[in-house]
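Down below is the structure, laid out as structure tokens.
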Amino acid sequence: MTIIGRATAQAPANIAFIKYWGNRDQALNVPQNSSLSMNLAGLYAETTVIWIDEASEDRLALNGDTTIGEALARVSAHLDVLRQRIGFRHRADVISSNNFPMGAGIASSAAAFAALTVAGAAAAGIDLSERELTTLARIGSGSASRSVPSGFVEWHAGNSHESSYAESIAAPDHWQLIDVIAVVSGVHKAVGSKMGHRSADTSDLQAARVSGADVRLENCRRAIVERDFAAFARVVEHDSNLMHAVMMTSRPPLFYWLPPTLTIMEQVRGWRAEGLNVCYTLDAGANVHCICTADTADIVRNRLMEMSDIIDIRSASVGEGSRCI
Ligand code: DP6
């Protein structure tokens, strides 16, 4: 067996301010609405892809353990997408690790599939545009498209594989926001987002959420460009609430919140009423992402530390995109 090529990439997790929930094309992850996020500096997946001539199957080592089953199947399916684009048949060894808990509201699949895409292409020796890398990453995990470009990133919904891509709208240093993540659960969520996207249309509220998404995204983009925290907080909390309303009213319903989740959300609203620049947003999990300006982050962290039921607190500033190392 011969090694054809090898590369390692690092890709950040990201937190969405305007959420992606529900697909127009399930197989390609072409979403029903555009979304907007920031990359999380220091919370990343690091993935090595080694293309091997004459190997009979793909292999995956995840966080140090040889992994089979669903995780390998999803990686292998994504390698098929890359093989088709690159035009070869080799199998690969994939060695990947995360430095944050998986499946608990910090988008591990986004970092994982962005890193896999960037490393896989580089290991094959082909130089793809950033835009194309975002479309390929998207097929592995929708939100992975937003972990490829740098800083604040908009994923244009589009209506086809080529037109559904992500691009940076502002560099990491444009606005010093910090995501202070209150981890209230480290367990792997019962219903992953893959199934969740499929069930979005079973909620009567999904059509309303989607129809207002462009206006919310425009408001959010403007708030970021103008560094207007009050406007930003309004639209970010509203968009998160809308997504969770859809989740809770899907059939069967999806409740990701735990009791401390709601307690923290209430506290954050109260702190903002006091004048602190902080707002909350949640992904498909119970952890609360407290987005604040850099000068407010220590106060928010200290207040969270005084609360019970929080098992960990992580902080991340706005991060760069994916890169080969
Ligand atoms: C709630 O991108 O994780 O985090 O494509 O099935 O991997 P798959 O879904 P994924 O969905 C993320 C949903 C979300 C909101 C968001 O990040 O926009």
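Counting alpha carbon pairs within less than 8 Å and at least 6 residues apart, what relative contact order, in whole percent, applies to segment 2-173? Show your work: numbers first, answer last.
Values: 421 pairs, mean separation 49.5, N = 172.
Dividing the mean separation by the residue count of segment 2-173 yields 29 percent.
Under the 0.36 nm per residue contour assumption, what length would be gained going from the current alpha-carbon distance of residue 211 and residue 160 to full extension? Mind dumping the intermediate values first?
Numbers: separation 51, 0.36 × 51 = 18.36 nm, distance 1.90 nm.
Taking 0.36 nm per residue and subtracting the Cα distance, the gain is 16.5 nm.
Ordering 81, 300 by how much accessible area each has at a 1.4 Å probe, largest first, what is the list?
Working: 81 35, 300 0 Å².
Result of the area sort, largest leading: 81, 300.
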Which of the three applies to segment 176-317, rounded, prolate or oblate, going by the alpha-carbon gyration tensor with a ≥ b ≥ c and a/c under 1.5 meaning rounded? oblate
Spin-label point model (7 Å from Cα, Cβ direction): what's the residue 167 to residue 269 distance in nm? 3.7 nm
Cα→Cβ-extended label distance, 7 Å offset, between residue 305 and residue 132, nm: 4.9 nm
I need to check one value: relative contact order of the chain, counting alpha carbon pairs closer than 8 Å and at least 6 residues apart, in percent. 25 percent
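Using the Cα gyration tensor of segment 252-325, with a ≥ b ≥ c the square roots of its eigenvalues, what is the shape: rounded (a/c below 1.5), prolate (a/b larger than b/c) or oblate (neither)?
Details: a/c = 1.81, a/b = 1.11, b/c = 1.64.
Verdict is oblate for segment 252-325.
Looking at the chain, what % of the alpha carbon pairs are farther apart than 35 Å?
Details: 8999 of 52650 pairs.
Tail of P(r) above 35 Å: 17 percent of Cα pairs.
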Quick one: work out the % antiparallel among DSSP beta bridges in the chain, nearest 5. 95 percent
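Would you kindly state how much longer the chain becomes between residue 231 and residue 312 on full extension, computed as 0.36 nm times their sequence separation minus their alpha carbon distance, in nm to one decimal? Before the final figure, lay out the partial values.
Numbers: separation 81, 0.36 × 81 = 29.16 nm, distance 2.88 nm.
Contour length minus Cα-Cα distance gives 26.3 nm.
Net charge near residue 122, counting Lys/Arg +1 and Asp/Glu -1 over other residues with Cβ under 14 Å of its Cβ?
Taking every other residue near residue 122 into account, the sum is -1.
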Would you mind calculating the gained length between residue 88 and residue 222 on full extension (0.36 nm times residue separation, minus the Cα-Cα distance), in nm to one decimal? 43.9 nm
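With +1 on the Cβ of every Lys and Arg and -1 on the Cβ of every Asp and Glu, and nothing else charged, how large is the dipole of the chain about its Cα centre, in debye rounded to the nearest 20?
Working: 28 positive and 35 negative charges, 90 e Å.
It comes to approximately 440 debye.
Probe radius 1.4 Å, ligands and nucleic acids left out: which of 95, 311, 264, 86 has the largest accessible area, and how do the rest follow?
The ranking, largest first, comes out as 311, 95, 86, 264.
When the accessible area of the chain is split by element with a 1.4 Å probe, what percent falls to carbon and sulfur?
Numbers: 6790 of 13430 Å².
Looking at the chain in its full context, I get 51 percent from C and S.
Based on DSSP loop calls and a cut-off of at most 12 other Cβ atoms within 10 Å, the longest stretch of the chain free of exposed GluC sites (Glu not before Pro) is what? Walk me through the numbers on the way to the answer.
Details: sites that count: 54, 57, 162, 226, 306.
Excluding the exposed sites themselves, the longest stretch runs over 58-161.
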Collect residues whose amide H, placed 1.01 Å from N in the peptide plane, falls under 5 Å from the amide H of residue 25; neighbours closer than 5 in sequence don't count. 30
Rounded to the nearest 10 Å², the accessible area of residue 254 using a 1.4 Å probe with every protein chain kept is 20 Å²
Out of 244, 174, 78, a Gaussian network model of the chain with alpha-carbon springs under 10 Å gives the largest mean-square fluctuation to 174
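The values are calculated or read from the model by the stated rules, or taken from the named source; none is laboratory data. Owing to the predicted nature of the structure, the values given are computational and were not obtained by experimental measurement. All Cβ positions, even for glycine, are placed from backbone atoms using ideal geometry, and neighbour counts span all protein chains on display. Calculation scope for accessible area: heavy atoms of the full protein, side chains included, ligands and nucleic acids excluded. Shrake-Rupley method; radii C 1.70, N 1.55, O 1.52, S 1.80 Å.
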